[in-house]
Each structure stands twice: as structure tokens, then as C-alpha cells.
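Worksheet: one structure, shown below.
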């Protein structure tokens with residue numbers, strides 16, 4: 001029973017490390033996939049926030065310095081930039097029949113499909129002619145479909161955005177939430193339609209930029225910053241009237257958070273291994289106490305202290321091997337079970353599984369050193385005279 005409990009504690013420790021690290025690794029990969037789904041080599045240039053909107057104390061508005069010409073010049077004059085898409089987005093109420101829903105309206109060019117990796121679940125996307133003619137057409141996200149259309153296919157239906165009637169021509173494929181923002185809760189319309197018919201503005205809120213390659217993201221960011229400062233006539237020492245965020249920084253930040261989480265849960269799970277080691281220590285000490293006569297007989301017939309030491313180290317290591325093997329199997333089954341029943345992404349990393357197994361063996365070995373040394377130091381005569 002003592003041996004079984006010691007092996008069980010080692011098994012639980014190994015399985016906990018595998019499952020917890022798998023959950024953390026899965027979360028890290030899931031975050032990375034969602035960020036990358038926002039667009040390949042993406043850089044987001046945003047208009048800075050003004051300090052206050054006139055007549056609305058305490059509220060912030062966007063600056064009006066980011067223009068269509070800025071977006072055009074970014075695409076033309078920055079060597080590390082593949083293409084730039086001007087965008088204006090704002091939250092507006094949308095009405096369909098008797099239902100009203102407030103969502104983000106994104107005015108953009110058709111090329112936003114490539115820059116933001118937007119694919120369609122049904123229908124079609126608007127083209128350059130529809131943008132040029134300011135056509136009232138819209139492509140909606142899955143969250144809008146659920147909230148406004150109760151999940152039924154909206155293609156061909158008419159919706160009111162503000163005071164303008166739009167025809168739904170497509171539905172985007174779901175991307176989920178990224179950094180707390182639902183990427184499916186939006187309606188994309190042609191940029192000229194948004195600027196002239198909905199928003200009545202001549203400036204932009206964002207420019208989505210695709211760098212020529214992932215390695216050129218930082219050089220593209222530097223080129224964009226230099227170009228916009230020059231175009232906006234910002235003297236040295238003056239703050240930018242825009243902000244730039246690149247995908248590489250977002251991936252690095254989110255990855256760092258996920259790795260910290262993985263290390264935290266792995267550290268907590270590793271405590272179980274230590275507890276298992278203490279269990280092995282107790283089992284071995286009790287085993288030596290009960291087998292003093294056996295040790296005395298072995299010494300009397302010629303066994304050396306080294307032989308006794310190796311014997312008991314082997315036994316403690318064997319407990320670690322048995323516990324580690326059982327924990328490895330339990331961890332693999334547990335990871336599959338967590339993924340199946342919760343829908344979470346659980347990634348079993350072979351290197352962590354191997355480290356967990358080796359840790360269990362090492363734990364058995366380390367916590368068996370003192371009992372083995374104590375057994376090897378027993379006096380043969382005293383051992384033979386003892387009664388257990």
C-alpha cells in the first residue's frame with residue numbers, strides 16, 4: 001500500500017505537468033493562430049486620439065490628420081511595404097426589420113481581403129467598381145448574422161446602417177476574438193460609401209499595411225513613421241499624431257504571456273513530483289527498517305556497502321520509473337480527454353513529456369540516496385542481532 005501510494009503521487013505529478021503544460025501550449029498556439037489570422041505581416045497605422053472632443057468634456061476623439069493620400073504614399077514610397085489599405089471604422093446602429101443592433105462599421109477597399117486574410121463563408125465581396133460608384137453593399141461578420149438575423153443566411157437581405165439602406169452580399173468566415181475584440185462583430189462596406197454616405201468625413205481612422213515579408217516588418221514600420229512625420233510636418237521632438245502597431249510585437253507579447261502561464265502551471269504541477277519524492281523517501285526508510293536482518297545477512301555473506309547502496313538506489317529509481325510511466329500514460333489520456341470534453345486546444349509537447357518522465361526517475365533516485373546510504377552504513381553484526 002505504501003509503495004502504491006508513492007507511485008500514485010509520482011504518477012499524478014507527471015500527468016499534471018503534461019496536462020497543464022499542454023493546456024498552456026495550446027493556448028499559446030491558439031493565440032498565435034488568431035493573431036496571424038488578422039493578416040500576413042500586418043502593420044496597423046492608427047490616427048492618434050485627440051485630447052477632447054469639443055463640447056464633450058472627458059471624451060476622446062481621433063485626429064483628422066491621417067488621409068487617403070497618406071495611405072497612397074505609404075504603398076508607393078515605402079520599399080518594405082507590399083500594399084496599404086485605407087480604412088475608416090465607427091460603431092453605428094444597424095436595423096433589420098424590427099431588430100436593431102450596434103456594431104462596428106468598417107469602410108475599406110476590396111484589397112482588405114488580402115491584407116486582413118478575410119475569407120467568405122457565403123456570398124461575395126464588393127469590388128473596385130462598387131467602391132468607385134459608392135454602392136450601398138455590405139459584407140457582414142458571423143456575430144452580426146447571429147445577433148441581427150438570428151443565424152439565418154442574410155445574403156440578399158436589406159439592412160439600414162444609420163439612414164442608408166444597404167444590401168448584404170456576403171458573410172465572412174469566423175475568426176473569433178483577438179486581444180479581447182470580436183473580429184466577427186463587424187460589417188465591411190466600400191470605403192467611398194462609408195466616407196461620403198455614412199460618416200461624412202474626409203480622413204481615416206486606420207491604414208492596414210502589409211509588409212513585403214515578416215522580416216521586413218520593423219523596417220516597414222520605420223519607413224512609415226518617417227514618411228508620415230514628414231507629410232504631417234512634425235518637427236523633431238514633437239509627438240506623433242498617429243500610432244503604429246505591428247503584428248510581430250503583438251505575437252511576441254501574447255506569446256510571452258502564454259509562456260509565463262505555462263511556466264506557472266508547470267511549477268504548480270511540479271510540486272506533486274516533490275510530494276511523490278517525499279513519499280518514496282518514506283517508503284524506502286520504512287523498507288530499510290523492516291529489512292535490517294536481510295541487510296545484515298547480505299553483508300555477512302560478502303556484500304559490500306556499495307552493493308547495498310546500489311540495491312536500494314535501484315529500488316527507489318524503479319518506483320520513479322513505474323510512477324513516471326503510469327503518469328505519462330495518464331497525462332496523454334488526460335490531455336485528450338480535456339481537449340475532447342472542453343473543446344480547448346491541448347498540445348502535448350514531446351519535450352515536456354520526456355522531461356516529466358525523466359524528472360520522475362531523477363526524483364526517485366534523489367529521494368532514495370539518503371535511505372540507500374543509511375542502509376549501506378548499517379553494521380552487519382548489529383543488523384543480524386536486530387529484531388524487526
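Taken together, the values in this text are just the output of simple stated rules run on the coordinates, not laboratory data. All figures in this text were calculated on a predicted structure; none of them were measured in a lab. For neighbour counting, all protein chains shown are included, and Cβ atoms are generated from backbone atoms with ideal geometry for every residue, glycine included.
Between residue 91 and residue 263, the simple label model (points 7 Å from Cα in the Cβ direction) yields a spacing of 3.6 nm.
Label zone (residue 336, point 7 Å along Cα-to-C-beta; backbone nitrogen cut-off 15 Å) within the range 17-31: 19.
Ordered by the count of other Cβ atoms within 10 Å of each Cβ, fewest first, 85, 301, 361 give 301, 361, 85.
In what sequence do 163, 91 fall when counting other Cβ within 10 Å, fewest first? Each step should come with its number before you reach the end.
Details: 163 7, 91 11.
Placing the least packed residue first, the sequence is 163, 91.
Once you have a ≥ b ≥ c as the square roots of the Cα gyration tensor eigenvalues for the chain, tell me rounded if a/c is under 1.5, and otherwise prolate or oblate according to whether a/b is larger than b/c.
Verdict is prolate for the chain.
Modelled label positions at residue 72 and residue 233, each set 7 Å beyond Cα in the direction of Cβ, lie 2.0 nm from each other. Principal-axis analysis of the Cα atoms of the chain puts helix 2-37 at an angle of about 20° to the longest axis.
Per the Kirkwood formula applied to alpha carbons, the range 49-240 shows a radius of gyration over Rh ratio, Rg over Rh, of 0.99. If the chain linking residue 33 and residue 5 were pulled fully straight, counting 0.36 nm for each residue of separation and taking away their Cα-Cα distance, it would gain 5.9 nm.
Specify the angular offset, from 0 to 90 degrees and rounded to the nearest 10, of the alpha carbon long axis of helix 247-290 from the longest principal axis of the alpha carbons in the chain. It is inclined by approximately 10 degrees. Remark: relative contact order (the chain) = 29 percent; criterion is Cα-Cα distance under 8 angstrom and separation of 6 or more residues. The length gained on full extension between residue 158 and residue 146, counted as 0.36 nm times the residue separation minus their Cα-Cα distance, comes to 2.7 nm. To the nearest ten degrees, helix 68-77 and the longest principal axis of the Cα atoms of the chain are 60 degrees apart.
Rounded, prolate or oblate: which fits the range 277-388 when a ≥ b ≥ c are the square roots of the eigenvalues of the alpha-carbon gyration tensor, with rounded for a/c under 1.5 and prolate only if a/b beats b/c? It comes out prolate by the Cα gyration axes.
For residue 382 and residue 271 in one chain, what is 0.36 nm times their gap in residues minus the Cα-Cα distance, to one decimal in nm?
Taking residue 382 through residue 271 to full extension adds about 36.1 nm, to one decimal.
Kindly put 172, 193, 202 in sequence by how many other C-beta atoms sit within 10 Å of each C-beta, fewest to most.
Values: 172 26, 193 23, 202 11.
Lowest to highest Cβ neighbour count: 202, 193, 172.
Between residue 240 and residue 120, what's the calculated FRET efficiency when r is the beta-carbon distance and R0 is 51 Å? Round to 0.05. The computed FRET efficiency comes out at 0.90. Annotation: the antiparallel percentage among DSSP beta bridges lying fully within the chain is about 80.
Between residue 64 and residue 196, the simple label model (points 7 Å from Cα in the Cβ direction) yields a spacing of 1.9 nm.
The Cα center of the range 188-250 and the Cα center of the range 344-361 differ in position by 43 Å.
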